[in-house]
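Since every read-out is calculated from the coordinates, none of them should be taken as a lab result. Predicted model only: the values in this text are computed from it and were never measured. Virtual Cβ from ideal backbone geometry, glycine too; neighbours counted across all protein chains shown.
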Amino acid sequence: MNTFTPIDIAHLRQWVGREQVLEETLAPFSAIAMSGLLDQATPPAVGDALPLPWHWLYFLDAPARAATGLDGHPLRGGFLPPVPLPRRMWAAGAMQCEAPLHIGMVARRRSTVRSVDLKDGRTGPLVFVTVDHMLEQHGRACIREEQNIVYREAPTAPAPLAPCEPATKVAQWSLPFKPDPPLLFRFSALTYNGHRIHYDRDYAVREEFYPALVVHGPLLATALLDLLARGRPGAVVRAFKFRALRPAFDTDTLLLCAAADGGDAVDLWTQDLQGQVGMTARATFG
């Protein structure tokens, strides 16, 4: 009989409305390093517009070692509610871009916990935390973002991945994507993500029962927007949303795919060699 972690949702909802304001100069190194990670021909420079969603390279949490859990994540509590479930995933997100941020200039991010919800999942309780971010530069709103985080129980033994639907669209342009360990390590370093499932194979397999190293969801979303920029150079993305449906691993060979809908939007997705979709996304142009 399964025993699940008790969740005091009333206590966790006390975090709703909590705010955090961070200010930072968007130093060029992080953007240059991301350009190299994506094999872009020309690195960005000071004064250039920061591509979406490269603001994820900034405003990073940097906890002390004593404030870091065994899994590499910051210990529970602080700005985010202390959800007692051990497995955490950035499951989906959406952003509206009113104006680009610019490299080398000071920017401000105001973050607010919008909601904390408890649901019953197939493998136990799920807690969904939604965080809103507002990024500003020179006193002007630039990016409004919604981040959806899900917490769940950790498995006690290896389990098959949930089935996923095959791709239903035909890609109009695509690009192979092989997520090897150096790529995952570099993205972890750039985003100061200490979660060991992305770089410690022994931990990922033995402790969290994944079949291999896990590819970051934000890395896949970043790669999809890079694919869009290559297929539509110069196009200005005004809105972007993504949703992770199935984890990807460093043993996978993926295909980044894009298909225009005939209007002002492009559907994006990742698929494996069997045609199963791992992440879906949609970008809208202004």
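Using a 7 Å offset from the Cα along the Cα-to-Cβ direction at both Glu207 and Phe79, what is the distance between the two label points in nm, to one decimal? Between Glu207 and Phe79, the label points sit 2.4 nm apart. Think of it as helices only: each DSSP H run of n ≥ 4 in the chain is worth -39500 (n - 2.57), and spread over all residues that comes to -4500 deg cm²/dmol at 222 nm. Each principal axis of the Cα atoms in the chain has its own extent, and those three values, largest first, are 56, 45, 34 angstrom.
One way to sum up the overall shape of segment 158-286 is the equivalent ellipsoid from its Cα gyration tensor, whose semi-axes run 27, 17, 11 Å, largest first.
Placing unit charges on the Cβ atoms of the charged side chains and taking the dipole of segment 158-286 about its Cα centre, the candidate lying farthest along the positive direction among Leu183, Leu228, Leu255 is Leu228.
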